[in-house]
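The values are calculated or read from the model by the stated rules, or taken from the named source; none is laboratory data. The structure displayed is predicted, hence computed values, not measured ones. Heads up, the Cβs are rebuilt from the backbone with ideal geometry, glycines too, and the neighbour counts pull from every protein chain shown.
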């Protein structure tokens, strides 16, 4: 129960901000259960999808965690601000890579492409019930995956790499499951893991990617899933080499039930070719992003 505190808002951002205010003031203490999606949606007079989006924002920010059938609860040690809002002073003469933003001077001009897309949408408006993916987009994506050796499989579009990874993990794992993650690793992913109620198992990396012995150890310790970066690893810049990929496939082949998620966010901007591990296990996802190559808002 939420006691006297009333969550307010009509939009996802407003609802999540209201929850955060309750956490900050102590009105929603650690461990407190939030209302089920439909119950809160009825109370606020909004679509359940709006509440679901608000809860997703709160999980990404580390404020709440999902606890299976027990629903969503305020984390025992909630994060009061996302990692990217914690400002660290960059020393003079140093280049700040913490944001992950591409250099705007290197981005392609999108005005002609966006104008063409707008004109096409005017001529053929997107309506409910249509295919979720543009046919030409899907064709190009599948061709790019095939060219790099990614096995054929269902294709989906999400709002960025983190959204894709969260959806896959939420579909396959349950709170309390162990997840092998790179150490050091991507801050946003490291924030997401506890927000989903998962238990991280750190895996060391070198210039050629995750160390096979470290993956083997994490799997022996009960990791139900592995998330690794193909190339342009954050923050080391490591890229999985062909030799390292062979070693990792051998390790993963002994655990076909493990979920494998490969993050190829550097697609289109980095020189080293990818060496996909997809297909080594029964369940896998290969994630690519356009945020670096074409601009963060295009995701």
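Below are the figures for this structure:
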| read-out | value |
| --- | --- |
| Out of 188, 161, sole residue that is modelled with pLDDT under 90 and in the same structural domain as residue 252 (by TED's automatic domain parsing) | 188 |
| Wholly within segment 1-97, helices (runs of 4 or more DSSP H) carrying at least 2 residues that are modelled with pLDDT under 90 | 12-25, 48-60 |
| Members of segment 287-299 that are assigned to a strand (DSSP E or B) and in contact with a helix residue (DSSP H, G or I) (Cβ under 7 Å, 6 or more places away or on another chain) | 287 |
| Strands (runs of 3 or more DSSP E) contained entirely in segment 180-274, each with at least 1 residues that are more than 15 Å from residue 286 (Cα to Cα) | 199-206, 223-229 |
| Matching residues in segment 150-179 - criterion: being touching a strand residue (DSSP E or B) at 6+ places or on another chain (Cβ under 7 Å), buried (at least 16 other Cβ atoms within 10 Å of the Cβ) and part of a helix (DSSP H, G or I) | 161, 164, 165, 168, 169 |
| Residues being exposed (fewer than 15 other Cβ atoms within 10 Å of the Cβ) and in contact with a helix residue (DSSP H, G or I) (Cβ under 9 Å, 6 or more places away or on another chain) - total across segment 13-26 | 1 |
| Matching residues in segment 122-149 - criterion: being closer than 17 Å to residue 290 by Cα and assigned to a loop (DSSP other than H, G, I, E, B) | 133, 134, 148 |
